[in-house]
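For reference, the structure discussed in these notes is given below.
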Amino acid sequence: MPGSSISDPGGTFLNPVYPKSFPDPFVLKHGGTYYAYSTGFAPDGTVFGIITSPDLVNWQEVGGAMQPLESAPPFYWAPEVAYDNGKFYLYYSCGNETLMHIRVAVSDRPDGGFEDAGRELTSEQFAIDAHVFVDTDGSKYMFYATDFLTHTHVGTGTVVDRMKNWFELEGDPAPVTRARFDWQVYDPDRKEKGGVRWYTVEGPSVITRKGKYFEMFSGGNWQDTSYGVSFAVSDKILSGHEWAQACDGAGVLPVLRTIPDSVVGPGHNCIVRGVNNRELYCVYHRWTAEGRVMAIDRMDFAGDRIFVIGATDTPQIAPYQPAISDLSDGRSTKSRLSTGDWKVSAEGCTGSASGRCELTYDVCENFLAEFGVRSGSWNGAEPAFGFRLSGLPGESWEFALLPATRTGSVSVLTPISPKASNPFYLPLDLLLSTSHTIRVEVSKSFAEISIESTSFRFRSPVSFAVTAFTLFTRNTSASFAALQVTEGFEDLFENDLSNWTIKGDHSRQPRVSEGEVAFASEREASIENGSLMEHAEFAANMRMTAAGEGKIGIQLKNKDGNTVFSFGGGNGELFVDHGNGSGLVVFPVGDVDLAQYHQFRVIKLGERVIAMFDEKTIYDDEVAAGPSRLSIFCRNSSCAAEMARATAI
């Protein structure tokens, strides 16, 4: 097809992104920079090599994480790092390969200087692959791998234990995923274990979505082609039973697996957000002549299913860049308007302890912002810092943190109502003097705010179209760093349809229930949302809710409301339609069950469109130029959607 070579405004990448030996990679994003840690010794004799990157693609070596222990164990495996209140906690396993224990080291910075805390967190003879997961309520859990010698499938599996604090587990680990399938065989006759048929499930990495928990894990033998990645799902972390595994290795294959003559033994993955904080990436290792090297590939969800666009060995679209990237590495600000006395340094941008300082940026009505912030000294009454959303003159919505009282407030000012402030309390364990990442999601009529590694979640209506985003300090030397703003929205249909426009002939009006929107039409009906964007990715997770000859999918609409491109499926086929009289282009896919959730995705790069169905590229060609917005449709059918997203790129 025309345009078969991938190119876009952000360029491309080719795996492996780090071609040197880097086993068991874990990637932490902190302050707008990525830090990756690996198993084993660094070239300088320290343990756990560290590399850094601004974009997940270009990496630079910075040395090792910590000095070896005085007891000199020969093996140091699978480091992972968590951040909280100015401290970085490195969890790792060490020992002689037969006896392995999990320990923790601490540092004030992510790129080294870790010192072991002198504690073993686990009591099992064999415990490896520690992974710390902080739930939305702020509670902490450690997932790790250990041996099950009396299980039906003897070998290694994963467990979870509550964390009392960063240095201590409760000591009551519960099984999460144990071996069940033949693809998880490590060795059919493992002599060092007495000749038993040995299975391995290891390398847990956990993420939550829409009230469910997903554990990605590796199975098989890390040394050969049997190694791969699957996932398991649960409604609760401590559910009282093992999580439901998705891949049996026969009818449903692992989401990452060996590709003959191309990719060997992909596994031991972690999950990290892309540069613009919207997309998810699966980071993993795979075998080359250099050993286990680091690779990345896009991953996503479709309902209760994870899929990975990989393992890839051809050029892929690079991680999307945010629309605004500012306040890091000593760069001067890119704000439209700056008022007050700001000091710019490598740590970010610090306001004066006296008076008011503001940095204002132009934004669209739907955007995602992340930035680092910490309080400083104050000199005056009612010190405060935070951000403000503004629209037409006289319209604003302000989120303020008040360090003197350890509280916060949300204030609203519109021409028809006086200023109204709603106070709230901050989590008791939140130290405002240390750096924290605040995530702000603004979607047309509401704003959602969260603070990393805490239970703080805040959602509030916004009654006007937002056009400006302002960071501010009042009478305090608070600092902001690593501001990243991404245009677009993601709707998981957990609230209402206030941001959507309902169009067409609906035989059943759209309604939101249990995390999905459902609607039907005997002709054609749609719901539409988002700003017009020229370079963007549009996606929706959809399913048919009734059998028939109908079709479902997504459309790109221009400023006049006309359809310039459709991508959908039905009746055993996928199709694209340019909406210009050229007719349908049909792709038979008879084995696809559209009663289950699948993702329809269209990447629009000016006059080029790439249509993807889950992880597969279906179509790559030209389309009419001009900005578009997202529409979800059904024709002669009933359907449901559990996610819709539009991201400027």
Name the shape class, rounded, prolate or oblate, that the alpha-carbon gyration tensor gives for the range 323-431, where a ≥ b ≥ c are the square roots of its eigenvalues, rounded holds for a/c under 1.5, and otherwise prolate holds if a/b is larger than b/c and oblate otherwise.
-> oblate
Each residue of the range 32-43 in order: what ³J(HN,Hα) in whole Hz does its phi give by Karplus 6.51 cos²θ - 1.76 cosθ + 1.60, θ = phi - 60°, with x for Gly and Pro?
-> x, 10, 9, 10, 10, 10, 9, 4, x, 9, 7, x
Candidates for mean projected area of the Cα convex hull in nm² are [x] 29.6; [y] 37.3; [z] 32.1, and the calculated one carries label [x]
Distance in nm between label sites at SER354 and THR152, each 7 Å beyond Cα in the beta-carbon direction?
-> 7.5 nm
Got a sec? What order do PHE26, PHE217 fall in by accessible area at 1.4 Å, biggest, i.e. largest, first?
-> PHE26, PHE217
If the chain between THR136 and LEU14 were fully stretched, how many nm would it gain, using 0.36 nm times the residue separation less the Cα-Cα distance?
-> 40.5 nm
Expressed as a whole percentage, what fraction of the accessible surface of the chain belongs to carbon and sulfur atoms when a 1.4 Å probe is rolled over the protein heavy atoms?
-> 49 percent
Nearest-0.05 FRET efficiency for PHE167 and SER239, computed from C-beta distance (R0 22 Å) = 0.25
Can you work out the FRET efficiency for the pair THR617 and LYS503, with r the C-beta to C-beta distance and R0 = 25 Å, to the nearest 0.05?
-> 0.30
Place +1 on the Cβ of every Lys and Arg and -1 on the Cβ of every Asp and Glu in the chain, take the dipole about the Cα centre, and give the residue among LEU169, PRO588, ALA546 whose Cα lies farthest towards its positive end.
-> ALA546
Put TRP378, TRP397 in order of accessible area, largest first, probe 1.4 Å, and you get TRP378, TRP397
Pairs LYS140/LYS616; LYS444/LYS559; LYS334/LYS419; LYS212/LYS551: which exceed 26 Å Cα-Cα?
-> LYS140/LYS616; LYS334/LYS419; LYS212/LYS551
Tell me, what is the per residue accessible area of the chain in Å², probe radius 1.4 Å?
-> 39 Å²
Pick out, from THR339, GLY40, MET216, the residue whose Cα sits farthest towards the positive end of the charge dipole of the chain, with +1 on the Cβ of Lys and Arg and -1 on the Cβ of Asp and Glu.
-> THR339
For the residue pair GLU97 and GLN125, what label-to-label distance in nm results when each label sits 7 Å from Cα along the Cα-to-beta-carbon direction?
-> 1.7 nm
Over the range 214-278, what lengths in whole Å, largest first, do the semi-axes of the equivalent ellipsoid take, defined as the square roots of 5 times the eigenvalues of the alpha-carbon gyration tensor?
-> 23, 18, 10
What shape does the range 177-262 have by the C-alpha gyration tensor, where a ≥ b ≥ c are the square roots of the eigenvalues, rounded means a/c under 1.5, and otherwise prolate means a/b greater than b/c and oblate the rest?
-> oblate
Just read off the accessible area of ARG474 with the full protein assembly in place, 1.4 Å probe, to the nearest 10 Å².
-> 60 Å²
Among PHE181, SER205, LEU238, the residue whose Cα sits farthest towards the positive end of the charge dipole of the range 175-261, when +1 is placed on the Cβ of each Lys and Arg and -1 on the Cβ of each Asp and Glu, is LEU238
Can you work out the FRET efficiency for the pair SER460 and ALA381, with r the C-beta to C-beta distance and R0 = 35 Å, to the nearest 0.05?
-> 0.85
If you plug each phi of the range 54-69 into the Karplus form 6.51 cos²θ - 1.76 cosθ + 1.60 with θ = phi - 60°, what whole-Hz ³J(HN,Hα) values come out, in order, with x for Gly and Pro?
-> x, 9, 6, 10, 9, 10, 10, 6, 10, x, x, 7, 7, 6, x, 5
Give the cysteines in the chain for which no other Cys Cβ lies under 4.7 Å away, or write none if there are none.
-> CYS94, CYS247, CYS270, CYS282, CYS349, CYS357, CYS364
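The values are calculated or read from the model by the stated rules, or taken from the named source; none is laboratory data. Given the structure is predicted, the values throughout are model-derived calculations rather than measurements. Don't worry about glycine lacking a Cβ; one is built from the backbone with ideal geometry, like all the others, and counts go over all protein chains shown. The accessibility values were calculated without ligands, DNA or RNA, using every heavy atom of the protein model including side chains. Shrake-Rupley method; radii C 1.70, N 1.55, O 1.52, S 1.80 Å.
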